[in-house]
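The values are calculated or read from the model by the stated rules, or taken from the named source; none is laboratory data. Given the structure is predicted, the values throughout are model-derived calculations rather than measurements. Here the Cβ is made from the backbone with ideal geometry for all residues, glycine too, and neighbour counts use every protein chain on show.
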Amino acid sequence: MLLKMKQKIGCIVVAFLLLTGVHILAEEGEWKLLDKSWKLGLPFELPPRYSPDIHWGDVYPHHGIAINAPYYATNMRVTISGRKFSRKKWVTRDWADVVIICDMNGKVYHCLKGESTEEETYEIPGNGIRVQVFSYGNASRESLNDNYIEVKQFEYFVPNRLEIDEHFPEGFFWGAATSAFQVEGNCNGTDWWEWANGLPGRCHGDKIGDATDHYNRYEEDFDIAKEMGLNMVRISIEWGRIEPEEPKDGEEPKWNRNEIDHYRNVLKALHDRKIEPMVTLFHFSQPTWFANKGGFENDKNIKYFIEYVKKITSEFSGLITYYITINEPETLALGGWNREGGLPPGKENNNLACKVFVNCFEAHAKAYWAIHEIDPKAKVSLAKNMRVMAANNFCDRPLNPEPGKDLPVDALIMNQSVDKPTDFSKWLCDLGDKFTNQSYLDALLTGRICVFLGPGCSAERNIPELKGALDFFAVNYYTRDRIFFHLWYDTDTKFVLNMKYRPDQHEYTPMGKRWEYAPDAFYTLMMRLKKFSVDFSEKCGKELDGIIIAENGVGDVDDVKLADETMRSRFIIDHLHYLHKAIRDGADVRGYLHWSLLDNFELAEGYRAQFGLIAVDCRNDKELKRTWKDSAKLYQKIIRDNGLTNTVIPYVRK
């Protein structure tokens, strides 16, 4: 009787599933191989990290990798071609080394011990997978010599019945960005021209030269932009062209009328094509005479910048609505006044870096009000590079059982998440965020800016006119920084504080370490700016005209020629997906500008880093031919559809 009842219930359940269209069969689809040119660091090695005389008695992660698939992937898998560990025993436990395979949230699905010479494939649900090695530190240096784990490939699963329908708001700005000295070429009389043509080896040996010759071919480039469907293009005006000579005390500045007329023609060319210009007034490059006076090191020099801003506004009122006063103040400060910055003036002085940062914000505030005095209808912002900060989400503390308990390694790890950054890692992360992001946000809400780069390296200032000095929020986003705190002995057996990034543990772009591929962090940032917009309205008494992504992109790298385009199409799709999600969840995003329209001179990277939608071989091609990349054709389709639709699927499936 009971058996018949169970059979009857089973038939009813099956009939219900069939009638309601619920599929009980496995989803059909296709496994796609991820491109190895993303530099996954294969094979993994487990190099010695600890002094043979020091015994930590803890389990620490050595190496690992995290890989994201396109957001619509439903499963991922990894194929390991071999692994070997020489340390096989703990004092009271079974294994000294273990490989875990988990998702991006730290949930562990597989735990591997010992060694294997056969290929092993492991699958997990979701669109992110992590492989991490844990090793017990209580061992001699020599015992690590032949340890390894070799990953053959990562794959992701795309179901056949895939539907993409993510449309952006009507009137959304679709655009691309450029910077004057990076595309115009021949920027004589600027600090960047002097810098790149200075000591050998700077900018990987590249000189600016003609760059893409955009100065003479801007109409051709704007025709490309129009064909692509762009309705906004971000450009900058080269201050060194407009004001090539230092103004003398008591005399009017000597403005270059020919260059003013040139930029007037540039702006008219955009308007003729019904493309809205977004104009940056200071995009890193400055007149040589201004740089020689200390540039933004000295707050007395701000007056020169304000006179230039007033001149541009008065000349081009009616042709410019969207202004960016200064691009990325913290990049200017750290790039030019930090040992590894690679930007002019190439000084090593963190105190001056703090001063430059603060002076840029005072310059922005004064420029904001100067522009509005001349053109009340102008919309003014400052382009802020915001790097999302995260405490390293690969475990940086020991994985030990509770006192008195002796669990085998698999039970120890499988029953907990591996994402357990230390409190000190979190503190360091907050410290980095305050300099990179929060100091700027607070300054706009309060009129007081305070920056801190370490003991004895800080600056603060009350700038009342900075409060509310914003009409829209222009943000540049590229990556996420992961920070962790760790104490260990280095190769010289000196005790050191190891506060650094862990890019080797995450998928990163062809630009290399410190450029993590992190489209999900784009959403995190937009949610933060959504909250800031509310705070701005309450504390400053006015509404922001939304958020515009002023830069977002990914570079390919080749030291000799044009690089192969490896991940830009996927980068655009994934980032726009998370941007659409943010808009759906209330972020007032009004536009997206990809960096960059053209391959160009990428600051300290020279021409080796190529971010363009349009390829230009600035080193080898005298004709500087413009060539559409696949990503440009993809972007054209996205703009035509005003969002992500099924037309984008082939670009990441092939």
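Among residues of the stretch 167-185 that are over 20 Å from Asn476 (Cα atoms), those with a beta-carbon under 6 Å from a residue that is among the charged types (D, E, K, R) at least six positions away or on a different chain give the pairs Gly185/Asp210; Gly185/Asp213.
For the stretch 627-654, a tally of residues being basic (Lys, Arg) and surrounded by 18 or more Cβ atoms within 10 Å (Cβ to Cβ) returns 1.
Out of the residues in the stretch 549-579 that are surrounded by 15 or more Cβ atoms within 10 Å (Cβ to Cβ), out of contact with any Leu (no Cβ under 7 Å at 6 or more places or on another chain) and of a type in the set (Val, Ile, Thr), state the one that is modelled with the lowest pLDDT.
Step one: filter the stretch 549-579 for residues surrounded by 15 or more Cβ atoms within 10 Å (Cβ to Cβ), giving 549-558, 562-563, 565-579.
Add one more test, that the residue is out of contact with any Leu (no Cβ under 7 Å at 6 or more places or on another chain), and what stays is 552-558, 562-563, 565-568, 570-571, 574-575, 578-579.
Okay, now just the ones that are also of a type in the set (Val, Ile, Thr), so 554, 557, 566.
On the way: Val554: 97, Val557: 95, Thr566: 87.
For the stretch 549-579, the residue satisfying everything is Thr566.
If you go through the stretch 504-522 and keep only what is modelled with pLDDT under 85, among the hydroxyl-bearing types (Ser, Thr, Tyr) and part of a loop (DSSP other than H, G, I, E, B), you end up with nothing.
Of the helices (runs of 4 or more DSSP H) lying entirely inside the stretch 153-255, those containing at least 1 residues that are under 23 Å from Arg608 (Cβ atoms) and touching a helix residue (DSSP H, G or I) at 6+ places or on another chain (Cβ under 6 Å) span 180-184, 191-196, 214-228.
What do you reckon, is Leu624 assigned by TED's automatic domain parsing to the domain that holds Leu343, at positive phi and at pLDDT 95 or above? Yes.
Just one of the listed residues (Arg608, Arg584, Arg570) is in contact with a strand residue (DSSP E or B) (Cβ under 8 Å, 6 or more places away or on another chain), in the same structural domain as Ala177 (by TED's automatic domain parsing) and either of a type outside the set (Phe, Trp, Tyr) or without any contact (Cβ under 8 Å) to a residue 60 or more places away in the chain (or both), and it is Arg608.
Selection of first residues in the stretch 210-233 that are within 14 Å of Ile275 (Cβ to Cβ) and of second residues that are among the polar types (S, T, N, Q), restricted to Cβ pairs under 8 Å at least 6 apart or on distinct chains, gives the following pairs, ordered by first then second residue: Asp221/Thr212; Glu227/Gln636; Met228/Gln636; Gly229/Gln636; Val233/Thr178. Among the criteria (1) among the acidic types (Asp, Glu); (2) under 27 Å from Gln636 (Cα atoms); (3) out of contact with any helix residue (DSSP H, G or I) (no Cβ under 8 Å at 6 or more places or on another chain), the one Asp585 does not fulfil is (3). The residue that is nearest to Tyr263 (Cα to Cα), counting only those in the stretch 294-319 that are among the acidic types (Asp, Glu) and out of contact with any Pro (no Cβ under 9 Å at 6 or more places or on another chain), is Glu315. Checking each residue in the stretch 425-472 for being part of a helix (DSSP H, G or I) and modelled with pLDDT of 95 or more picks out Leu441, Asp442, Ala443, Leu444, Leu445, Thr446, Pro464, Glu465, Leu466.
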